[in-house]
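Q: Let me give you the structure first, and then I'll get to my questions.
The values are calculated or read from the model by the stated rules, or taken from the named source; none is laboratory data. Bear in mind that the values here come from a model prediction, so they are computed numbers and not experimental data. Positions of Cβ are backbone-derived with ideal geometry, glycine not excepted, and every protein chain shown enters the neighbour counts.
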Amino acid sequence: MAKQVATMKAKLADWPQLGYYREANAALPAAAAGQDRVVFFGASVAEFWGKRGGQFFPDKPYINRGIGGQTSAQMLVRFRQDVINLHPVAVVFLESTNDISQEMEPEMSEDNWESIAELAKANGIRMILTSITPSSHFPWNPSLHPAETIRTRNVWLKEYAASHSLTYVDFDPVLANAEGGMKAELTVDGVHPNKEGYAAMAPLVQAGIDKALGVK
């Protein structure tokens, strides 16, 4: 019991998980001259990219700063440490389903997303917003049926990107099935992409990065 209490106290003391990448950030060298450093930021869909088979953009100066299980509120708190302070030219913000699975009010999610986008802009970082990856069920919360909620949130994200001249990447054309879930052959659990899922997402993200950076 004492060990469990100590573990819980430690988690509460670092709710945004700033310690997760602190050492890696400190050890990260400055970007080379002319190097287009890009940070991938989000929750598990970001973190697992390259860890579940496949590769994470080999030969590209891209940095992964995803943390599984995080909500947009936690991401907002750590955006300075894990993105701004790394001095990237762009950030790929992979929104997650965690706000939905934890039943966060949509207005709170939208406020957090908007604040993150404003922080990026204020620091000269180009933002690539992505759609929330499709899912029709959560194994850990089977009472929820999130497909329609995800669609609604994605409409907001797409419209926000358009109205603020941000690049938007839509994963639905390659990941979604007719029911609004993720295609069975592209996922490990109905929520997270597998190797093939990431392979389908990669060219869309790279095209978004190229667009944001003006690469032709």
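Q: Scanning segment 17-48 for residues that are touching a Leu at 6+ places or on another chain (Cβ under 8 Å) and in a loop (DSSP other than H, G, I, E, B), which turns out surrounded by the most Cβ atoms within 10 Å (Cβ to Cβ)?
A: Ranking the qualifying residues of segment 17-48, first place goes to Ala43.
Q: Going residue by residue through segment 119-136, is there one that turns out to be among the charged types (D, E, K, R), surrounded by fewer than 19 Cβ atoms within 10 Å (Cβ to Cβ) and more than 16 Å from Ala46 (Cβ to Cβ)?
A: yes
Q: Can you tell which of Glu107, Glu95 is closer than 19 Å to Pro146 by Cβ and free of Cβ contacts under 8 Å to residues at least 12 places away in the same chain?
A: None of the other options fit; the residue is Glu107.
Q: Something else now. Identify the residue in segment 78-103 that is surrounded by fewer than 16 Cβ atoms within 10 Å (Cβ to Cβ) and at pLDDT 95 or above and, among all such residues, is farthest from Ala27 (Cα to Cα).
A: Here the residue is Arg80.
Q: From the set of residues in segment 172-192 that are in contact with a Gly (Cβ under 7 Å, 6 or more places away or on another chain) and assigned to a loop (DSSP other than H, G, I, E, B), which is surrounded by the most Cβ atoms within 10 Å (Cβ to Cβ)?
A: Per the criteria, the residue is Gly181.
Q: Now for a separate question. Give the number of residues within segment 49-77 that are buried (at least 21 other Cβ atoms within 10 Å of the Cβ) and touching a residue at least 60 places away in the same chain (Cβ under 8 Å).
A: Qualifying residue count, segment 49-77: 1.
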